[in-house]
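The structure appears right after this line, and notes come after that.
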Amino acid sequence: MLCDEKKNTDLNVDWFLVCGLGSLGQHCVVALAEFGVKVNAIELIIPPSWEIETLPELLDDLIVGDCLQDKTLIQAQILQCRAALIVTSNERVNIETALAIRQLNPDTRLVVRSAQSNLNELLSQQLGNFIAFDPTELPIAAFTLAALGTDILGYFTLDDQIFRVCHREIESGDRWLRRSIYELESHQRKILAHNRFDPVEDLTLEPPDSEVYLSVGDRLVYLETAAESYSPVNSLHSQPQRERKRRNSLHFKFNWKTLVNFFLNLNFRQQVRQLAIVYTIVLLILLFSGTILFYWRYPDIEPLSAFLSTAILLLGGYGDLFGEIEAVTPFPWWLKLFSLGLTLIGTAFVGVLYALLTEALLSSRFNLANKPLKIPHENHVIIFGMGRVGQKIASWLTRWQQPLVGITSNTDFFQQAATKIPLICGNLIQSLSLAHLERARSVVIVTDNDVYNLEAALMTRRIYPHLNLVVRTAGLRLRQHLHQLLPDARILDIHTLSAAAFAGAAFGENIISLFRWEKQTILVTEYQIEVEDTLHDLKLSDVAYGYGVVPVLYQKPSQASIVFPIEELILKSGDRLVVLATIAGLKSIELGELDLTLKNVRVRIESVVTPDAYFEGANLIYRIAGCDLSIARQTMAELPQTLPCLLYRDCAHRLVRELRKALVIARIL
C-alpha cells in the first residue's frame, strides 16, 4: 500500500531512504523515526504482516519495487535524500543499489549492510560518504559479555586503550562504601549512573549527583580504562557464577552411581585414557603389595630383590623367576598362585599401556590421527550453533582464554572445525549430557532457527534453573514472549542492536562500537567537529549535560588524545570527540536541541582566607563557571556575592570544591 497521502516535498526537511524492509530494515525505520525525520522505504514484496505493527505509520512513502531500478529510486525521492540505508538480506543487491544511488545522487550518504570488509574499504574510497556494517559483527561484544555472566556491560577499544563498562552493587564491607561519587572518579574512571532504589534497567545516562555518599544496596554503572592484558573472564563475579561455584562444590562428594554415569558419558578415547590411569594405579598397588609379601616370606633376601622379583612377575617372567626360587627353598602354593595372578594381570595391563604408548608415539611422529580437543568439565561456556555468530563469539572467548564447547547439528562444519574448538554433534538431549551442563558457566544459544533456540533454552532452564542463559532471537514478538517465559535470561536480537548503529551512521557519525544496557542500546560514537556542527564552540559540560551524552575521549589536531577530558574544554573545528550516547542523545546533537533546564544552580561566594585567594578565585570562576573574566573579578571584589550565571549541579559542586582548595569560602544555594 502506497502512502502517497503522507508524501511531503518540502526540500528543507531531511529525507532518508531504507531499502529492504526485513527485520533489520524495520528496526532501522523505527530508529530513524526517533530523530523526527522523513523516511521513505522500498520493498520488493509487501509481506502479509509486519514484525513491527506500526511500521506503515512511521513511513512517509512505501514504494513497492526493485531498489536496483533507477525509476524506483527516483520515485523514492533519492535526489532529495540525505542518506540511504541499504539493508536487504542480499549483499550483491546492496552493493549494486549503492552504486546505482551514487550515480543518481553524488551527495547522499550510503549506509550499507555488507560483511565484505575488503570490498567495503575499496568502495568507501571510490564512492565517498560510504560506510558498511556487518549486522552480525556489531553486537558480538554484547553476546560475548552476556555469555561470561559477569558485571561487565560493555567492552571497546579507543586508540589502543581498552575501556569497560561495569555494573556494581554496593555490599557490606565494600571498599567503596560511604565514599562520595566524586571521590571515585579519576583519570581512569567515570561514574555513568547511580541509583539507590530502582533496578539497574531504570538507570540512565543522566549524570549522578557527585556529592552523594554510597550506602549498602546502591547500584553503580561506571566506565573505566583497563590494562592491555585485561580479560573480562577474570572480572567481577555475578550471582550466576557464585551459584555455579556452590553447585560445583557438591560434586566433590564421592558417589558410585555418579562415577559410573560420568564414565559412561565419556567418548571412547576418553574411556581408554581413564582406563590407562586406572591400570597404572592397579599395577603400582600390585608392585608395592608383592614387594612386601616377598620380603615378609623370605626375610633373607634384600628389599631390592623382592621389588625386582615382583616387577619380573608383572612383566610376564613367572617361569624364569620361580625356577630359581624353588631350587633354593620350598615355595608355598598360595604364594605361587598369587605370583601367577601377578603375571596374568601384569601381562594384560602392561599390554594395554604399551598399546596406548605406541598410539601416542605414532600419532605424534606421523600425525596419523587428529587428536580431538577435550571437552571442559567445569567453568566453561556452551555455544549452541556454530554459524557466523557462534564462530565470532567463540573467537572472542578463545582470545580471552575462556574454556568453551560448541554444539552443532551441521556434520560438515563439525568435520571442518573439530581441530579448532571442542565440538559436539548430535541431538539436543545427548549434546547437553556430553557438554557437562551441570558445571557450565553459561549457555549461549545463537542458531538461525528460532524454534530450536526456544527448545534449547527451555530445556536448559528446566534442567538448571539458575544457569546463566543467553538466547538469540530474530523477531520482536518472540523476544517479548521469551522475556515472559525466561525472565532471568538475556534475550538479544541482532537486528535490534544493529539498527541503532545503522541509524546513527546515517547522520554522518562514526559508530565505533555498541553495547546493551538492559533495555537500551548505547553507541560509542565519534565526532569530527566542523564549524557548522551543533557541537562547535560548546563547552564539554554543555555537551555532557545539555545533550545527555558522556564524553570519553577528546583530541585536538596533531595532539595526543585525552581520556575523560575536563568539562571546561571548548570544542573547536578539527577537534575529535568520542562519546557514549543513546539514540535520544544522538538526536539531540543532530537537531541542536541543547537542554539547558539542568543549568539551574547558583553559587554564593562568602569570603576569602588570604588576599591571594581573590585572584585565584576569579580565575576558577572564569574557567569552571564560564563567566566573563571581568564579571568574575568584580564578583570577587564585592564579597559576599552570588554568581550571576547559572550552573549545572555537578559543575557547581566542582567549583565549590576547587574554590575551597584556593581558600575561598563558597556554597551552593
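Read-outs: derived from the displayed coordinates by stated rules, not from any lab. Since we're looking at a predicted model, the values are computed, not measured. Cβ coordinates were reconstructed from backbone atoms using ideal geometry, including for glycine residues, and neighbour counts include every protein chain displayed.
Remind me, what semi-axes does the range 545-669 give for its equivalent ellipsoid, largest first in whole Å, using sqrt of 5 times each Cα gyration tensor eigenvalue? Mind dumping the intermediate values first?
On the way: eigenvalues 184, 59, 28 Å².
The answer is 30, 17, 12 Å, longest axis first.
Within the range 78-190, all pairs of alpha-carbon atoms sorted by distance into 5 Å bins from zero give the percentages 2, 9, 15, 14, 11, 10, 10, 8, 7, 6, 5, 2, 1, 0. Going down the table (Lys420/Lys519; Lys71/Lys519; Lys599/Lys661; Lys420/Lys587; Lys556/Lys599; Lys71/Lys572), which pairs top 32 Å between alpha carbons? With Cα atoms farther than 32 Å apart: Lys420/Lys519; Lys71/Lys519; Lys420/Lys587; Lys71/Lys572.
A simple spin-label model places the labels of Gln75 and Gln161 5.2 nm from each other, with each point 7 Å out along Cα-to-Cβ. Rg then Dmax, both in Å and based on the Cα atoms of the range 7-118: 12.9, 38.
Backbone N atoms of the range 16-44 closer than 18 Å to the 7 Å Cα→Cβ label point of Glu57 belong to residues 26-40. With a Förster radius of 25 Å applied to the C-beta separation of Asp448 and Gln116, the computed FRET efficiency comes to 0.80.
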